[in-house]
Amino acid sequence: MVNLLMILVISNLPGGTFSIVAMDPETEEWGVAVSSKVLDVGYVVPWLRAGVGGVATQALTNPYYGPWALDELSKGKSAEEALKAVLARDSTPEDRQVGIVDTKGRSAAFTGESTMKWAGHRTALYVSVQGNILAGASVVDSMMAVFQRTKGSLAERLLSALEAGEKEGGDRRGKQSAALYVVRKRGGYQGVDERLVELKVVDNKEPVKELRREYELWQYAFLAPAYLRLSKEEKGRENVFVERAHSLLQKALGSNIKNADVYNSLAWEFALMKKYTKETLEAARRAHELAPDDANIMDTYAESFFAAGNYKMAVYWESQALKNEPDNKFFQKQIKKFKEALRGQ
């Protein structure tokens, strides 16, 4: 058995931290959002396993709480049972703080009596919020309230809760790092793994703000396509995933984002599914407006018109793309498809 005293000497990370662990039962996602006045808090606190649960281990951190708890949850144990098991394996549990959400959304948390004040936690179905060396109890109370009333993806709800905690004072020593992780079976890029969302800020004067900035771009480029892919793979959840992706399309169209790639990515994904064609065309138009000479965006515009049944405009925009890149084999296949559809009208 690993020498626990050695573990504690090597791994203890003194630092104030506020975190939230939660589950989305509709999409079977588990996630953790965390911030602290320590370097790279995302390297130590969050532990997640798709289909099993999530853990945040902090205060004088024993990182083994993460794998220990997830192993217990994988055996069918509840969050409370897993919590009791990991505390029993630790020689100084009074120094620890941990939050756990299990496969059924049951939550459990522990704040050791030796953790630095203010320290405490709040739990509810599908969520656990915890923090130490905080400005006050309002940090965790606000995080819980915001999480429970916020709509949208689990990632958005977690990040909104983290922002609420910081607004209430967060770690009373200051700011340095933050992280946002969400897992789901086949949630990763093209379904290769479970990493649906994986973002962290290692060292920044405004880590939560930087995390939000990164997420605002990342969600459109990776989260929306993942939801649309999962809508094709998950029978019985098609509408849930499509609506999650659609909400991101609407969010982008209601924003002031000046990033052609964001609009182009969304337009392309929705055009292929032939859904929400009016909004898809608007996203493609904005992409073209921001990057008028980009042939790939012209191709997306053409595909968006094709999805909307306007084959004449699809041919026109694909022709424009081919003017820029006459030897592009994909564009040549595209215009052939569009012309055949136009002839068949």
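The values are calculated or read from the model by the stated rules, or taken from the named source; none is laboratory data. Not measured: the values here are computed from a predicted model. Virtual Cβ from ideal backbone geometry, glycine too; neighbours counted across all protein chains shown. Accessible surface areas use protein heavy atoms only, side chains included; no ligands, DNA or RNA. Shrake-Rupley method; radii C 1.70, N 1.55, O 1.52, S 1.80 Å.
For region 33-108, how big is the tail of P(r) above 17 Å, as a whole percent of Cα pairs? Of all Cα-Cα distances in region 33-108, 37 percent exceed 17 Å.
Need the list of lysines near Lys251 for cross-linking: C-alpha distance under 21 angstrom, and skip anything on the same chain fewer than eight residues off. Leaving aside lysines fewer than 8 places away in the same chain, those within reach of Lys251 are Lys151, Lys209, Lys274, Lys275, Lys278. Which residue fluctuates the most in the chain, going by a Gaussian network model with Cα springs under 10 Å, if the choices are Leu180, Leu125, Leu228? Highest fluctuation among the options: Leu125. Computed with a 1.4 Å probe on the full set of protein chains, the accessible area for Leu162 sits at about 0 Å².
Counting only heavy atoms of the protein chains and using a 1.4 Å probe, Arg286 has close to 50 Å² of accessible surface. Using the Cβ-Cβ distance between Glu94 and Glu289 with R0 set to 56 Å, the FRET efficiency works out to roughly 0.40. Taken over the chain, the alpha-carbon convex hull comes to 144 cubic angstrom per residue. Largest accessible area first, the residues Ser231, Ser74 order themselves as Ser74, Ser231 under a 1.4 Å probe with ligands, DNA and RNA left out. Per-residue ellipticity at 222 nm for the chain, helices alone: DSSP H runs ≥ 4 residues times -39500 (n - 2.57), over residue total, nearest 500 deg cm²/dmol? After summing the helix terms and dividing by the residues of the chain, the value is -14500 deg cm²/dmol. Using only alpha-carbon positions in region 95-170, the gyration tensor eigenvalues give semi-axes of 20, 16, 8 Å once each is multiplied by 5 and square-rooted (largest first). Per residue, region 83-223 exposes an accessible area of 43 Å² to a 1.4 Å probe, with every protein chain left in place. For the chain, the share of accessible area belonging to carbon and sulfur comes to 52 percent (1.4 Å probe, ligands and nucleic acids excluded). Once the C-beta distance of Arg186 and Leu272 is scaled by a Förster radius of 22 Å, the resulting FRET efficiency is 0.75 to the nearest 0.05. Taking a ≥ b ≥ c as the square roots of the eigenvalues of the alpha-carbon gyration tensor, region 186-279 is classed oblate because a/c is 1.5 or more while a/b is no larger than b/c. Accessible area per residue for region 284-345 is 55 Å², calculated with a 1.4 Å probe on protein heavy atoms, without ligands, DNA or RNA. Between Asp327 and Arg149, the simple label model (points 7 Å from Cα in the Cβ direction) yields a spacing of 6.0 nm. Region 77-226 gives an Rg/Rh value of 0.98, both radii derived from C-alpha positions and Rh following Kirkwood.
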